[in-house]
Amino acid sequence: MAALDPHWLPRYNAATLNQLMVQAGKTGKGLTQKTLEWQTQRFLELETRREGITVFVRPEVVAEIALDGVQESRRYPGRVALRFARLKRYRADKSPDEADTIDSLRALLVPDGGRGDGSPQGEGRDSGPRDAESTRRAP
């Protein structure tokens, strides 16, 4: 396995469109070297500004994200977080207007925090992956 190029952009924020971008998670899973190279090149083409190591881009890329569920979160402005999110593919055939909204993510909320076992937060075991897949805008 090749070492990561320090100039690559290996992680991204997953967000949805509701008039403004609403962050719903971060991920860097599911990326091949080819994807990393393409993603870095494309995101740098779309760059609008930087803050430290964070590169902000115009919201023009749609990504299909596989996930195990959605849970409530105080960490993200949309008040939800994607569980075990990973990139399936970028969707050149989709426009940003076709990406999911924060409301469609909220509709996937699981009452037990996404664990699937009915246990209180922080207890029990995850019952495994769910079939929740959706088209998400990235970053």
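A short reminder: the numbers here are calculations on the coordinates, not readings from a lab. Predicted model, so just to flag it, every value in this text is computed and none were measured.
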Fill in: Other-chain or far-sequence residues with amide H under 5 Å of residue 83's (modelled H)
68, 69, 70, 71
Fill in: Cα gyration tensor, region 30-94 - rounded (a/c under 1.5), prolate or oblate
oblate
Worksheet item: Nearest-5 percent of antiparallel DSSP beta bridges in region 14-110?
Response: 95
